[in-house]
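Every read-out reported here was derived from the displayed coordinates using simple, explicitly stated rules and does not represent laboratory data. All of these numbers come straight from a predicted model, not from anything done at the bench. All Cβ positions, glycine included, derive from the backbone under ideal geometry; neighbour counts span all protein chains shown.
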Amino acid sequence: ATSFGIEEALKQLGLEAVNKGTSTGSQWFSEGETIASHSPVDGKLIGKVTVTSKEDYEKVMTKATEAFKTWRVKPAPLRGEVVRQFGDELRRLKEPLGKLVSYEMGKSYQEGLGEVQEMIDICDFAVGLSRQLHGLTMHSERPGHRMYEQYHPMGVVGIISAFNFPVAVWAWNTALAWICGDVCVWKPSEKTPLCGVACQKIAARVFAANDLPEGISCLVNGDYKVGEYLTTDKRVPLISATGSTRMGKIVGRTVGERLGKSLLELGGNNAIIVTPDADVKMTVIGAVFGAVGTAGQRCTSTRRLIIHESMYDTVKKAVVDAYKQLRIGNPLDENNHVGPLIDKDAVSNYENALTKVVEEGGNIVVEGGVLSGEGYESGCYVKPAIAEAENSFKIVQHETFAPVLYLIKYSGDVENALDIQNGVAQGLSSAIMTNNLREAERFLSVAGSDCGIANVNIGTSGAEIGGAFGGEKDTGGGRESGSDAWKIYMRRQTNTINYTTELPLAQGIKFDL
Ligand code: UN1
């Protein structure tokens, strides 16, 4: 627990009652229309943020494209040094920022802090990377020739992020994009605009302290219309978008039409396979955290438990018993496990899923419901629910961003469980609980999980930043964060240099003059 409240956190982050929502760094502008941010925790107004107009957007793009010319020629390790300082600022402000994330988005304070930690981690990763950004060298087929490839900065990167990770996903993108020599224009979710303003203030201070120009870190605010300014803009070679599959299809199409690149991180429908050799205690922790953590609003949340028939009753009982221990309430109170959903629309989607699963023949084993009364005034608190279901149900095939967990039984060997697991449109995260080496290896093999993330004896959520994050199929195919995810933020160039006095052609082609 921290010693200060949300008021003090807002103050430390420099937030006001009405905040300008457009920024190129130290300069903040845009007037008029505002987005009001209400906390799902208690329904109270936290603050307002002004919406970016087309004219404001043009001002941002002018600064950003100018800044790129300065930023791209700074040596990458120097850019890394700036990101190091940004990471230090995040360390200093971890508590107030974690608190704001918890209050504006509704995840537990521990998870809010965890999110800021992910930002710090990616900064550290990016600092090291700034002295790498390796290309390969190749052997030329021609004598006296040298061939290699190099990575150059690409330009303005547009970042469209979702409410559920209102600060970390931006940092995964910016920390890498910055060390790669790109400048960023960020449109945070209109459900968490204050998190955006707070982060931009932190970044802006660091850039200003290093005498760097306006435009390296930019912020725009608004709904999908502001997103469209970015996706249709030829000056933005890469759009990184996180959100629903529906949104991703629109972004992918729009950016594809102008042959821009998009990095899409969309919905998941993540499952844990529980085999006859699973450790039940570990399964329960992984499954329950995965299903109810962040109130089921992670793209990596556990949606399906695919349990072998021999284990079914044991695991079902253990999970149902664990659900009885869950405390639902104010996420800033560290005694609670589950906070609210983001808003009332999310509550209706949750209710709809519970109605649908029953209509399709499912069996509720842990009742859901919207909570009311003291502490639940915002109307966004719901009971995590569990239903026995079939994988073929329409609602099970659909990603519901809420704490609804489906139990699905399988029989026979692990191939049958894999068919069920892979039998959805999405392909983000997956897990198997087993102490059987053969089952684990089959799950990880070419014929195993078709997801971007496949874990053994770990749940589906809670990825570390060191690995590439993202998934296949309807998840969009993008990879962010660790490993070589940085490559998408740069343009690749192949260079061949001739240091002889002859000009031999490739493939031995003769062309005598
Ligand atoms: C997301 O839900 O958009 O693995 C990202 C996790 C987190 C990231 C989730 N590190 O659950």
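So between residue 334 and residue 496, what do we pick up on full extension, going 0.36 nm a residue minus the alpha carbon distance?
In short, 52.4 nm is gained.
Give the value in nm², to one decimal: projected area of the alpha carbon convex hull of segment 391-513, averaged over all directions.
14.0
So which lysines pass the test for residue 261, namely a Cα distance under 27 Å, with those fewer than 8 places away in the same chain ruled out?
Of all the lysines, those that pass the test against residue 261 - Cα under 27 Å, at least 8 places apart if same chain - are 54, 59, 63, 69, 74, 187, 191, 225, 234, 249, 473, 487.
Set the Förster distance to 41 Å, then compute FRET efficiency between residue 457 and residue 44 from the Cβ-Cβ distance, nearest 0.05.
0.50
Please list, in chain and number order, the residues 5+ apart from residue 482 or on another chain whose amide H is under 5 Å from its amide H, with Hs placed from the backbone.
Long-range HN contacts for residue 482: 467, 468, 469.
Under the 0.36 nm per residue contour assumption, what length would be gained going from the current alpha-carbon distance of residue 364 and residue 419 to full extension?
Length difference between fully extended and current span is 17.4 nm.
Using only the Cα atoms of segment 19-111, construct the convex hull and provide its projected area averaged over every direction, in square nanometres to one decimal.
Values: hull surface 31.0 nm².
So the Cα hull casts an average projection of 7.8 nm².
Using label points projected 7 Å from each Cα along Cα→Cβ, tell me how many nm separate residue 124 and residue 394, to one decimal.
4.8
Go ahead and run the numbers for FRET between residue 147 and residue 244, Cβ-Cβ distance against an R0 of 51 Å, rounding to 0.05.
Computed FRET efficiency for residue 147 and residue 244 comes out at 0.75.
Post the alpha-carbon centroid distance, segment 308-380 to segment 255-300, in whole angstrom.
17
If I take all pairs of Cα atoms in the chain, what percentage of them are more than 43 Å from each other? Mind showing how you got there, number by number?
Details: 26624 of 131328 pairs.
Pairs farther apart than 43 Å: 20 percent.
Membrane-span-like helices in the chain: DSSP H runs reaching 20 Å or more (Cα, own axis), mean Kyte hydropathy at least 1.0?
Length and hydropathy pass: 193-209.
Only Cα pairs under 8 Å and at least 6 apart count here; give the relative contact order of the chain as a rounded whole percent.
It comes to 18 percent, rounded to a whole number.
Okay, helix-only estimate at 222 nm for the chain: each DSSP H run of n ≥ 4 adds -39500 (n - 2.57), divide by all residues, round to 500 deg cm²/dmol; what do you get?
Rounded to the nearest 500, the figure is -11500 deg cm²/dmol.
Would you please calculate the Kirkwood hydrodynamic radius of segment 131-217 over all C-alpha pairs and express it in Å, rounded to one decimal?
This gives a value of 15.2 Å.
What ranking do 136-148, 78-90 get when scored by the average of other Cβ atoms within 10 Å per residue, highest first?
Result, highest mean first: 78-90, 136-148.
Return a whole-number percent for the relative contact order of segment 1-139, with Cα pairs under 8 Å and 6 or more residues apart as the contact set.
Numbers: 166 pairs, mean separation 33.9, N = 139.
The normalised contact order for segment 1-139 reaches 24 percent.
Calculate the FRET efficiency for residue 234 and residue 507 from the Cβ-Cβ distance with a Förster distance of 51 Å, rounded to the nearest 0.05.
Once rounded, the FRET efficiency stands at 0.90.
Can you list residues whose amide H is under 5 Å from residue 267's amide H, if they're 5+ apart or on another chain and H is modeled 1.01 Å from N?
Under 5 Å from the amide H of residue 267: 245.
Please work out the Cα center distance from segment 71-128 to segment 463-488, rounded to the nearest Å.
Spelled out, the Cα-based centre of one part sits 18 Å from the other.
In nm, to one decimal, how far is the residue 435 label point from the residue 317 one, both placed 7 Å along Cα→Cβ?
1.9
Expressed in nm to one decimal, what extension gain is obtained for the pair residue 343 and residue 446 from 0.36 nm per residue of sequence separation less their Cα-Cα distance?
33.1 nm
Using just the Cα positions, wrap segment 330-417 in a convex hull and report its mean projected area in square nanometres, one decimal place.
7.0
Using Cα-Cα distances under 8 Å and only pairs 6 or more residues apart, what relative contact order does segment 169-295 have, in percent?
18
Between residue 58 and residue 487, with labels modelled 7 Å along Cα→Cβ, what's the label distance in nm to one decimal, could you check?
Between residue 58 and residue 487, the label points sit 3.9 nm apart.
In what sequence do 279, 182 fall when counting other Cβ within 10 Å, fewest first? Show your work: numbers first, answer last.
On the way: 279 14, 182 25.
Ascending number of Cβ neighbours within 10 Å: 279, 182.
Which residues in segment 38-81 have a backbone N closer than 14 Å to a point placed 7 Å from the Cα of residue 209 along the Cα-to-Cβ line?
81
Could you work out the local net charge near residue 5, counting Lys and Arg as +1, Asp and Glu as -1, over the other residues with Cβ closer than 11 Å to its Cβ? The partial results should precede the final answer.
On the way: positive: 11, 99; negative: 7, 8.
For residues surrounding residue 5, the net value is 0.
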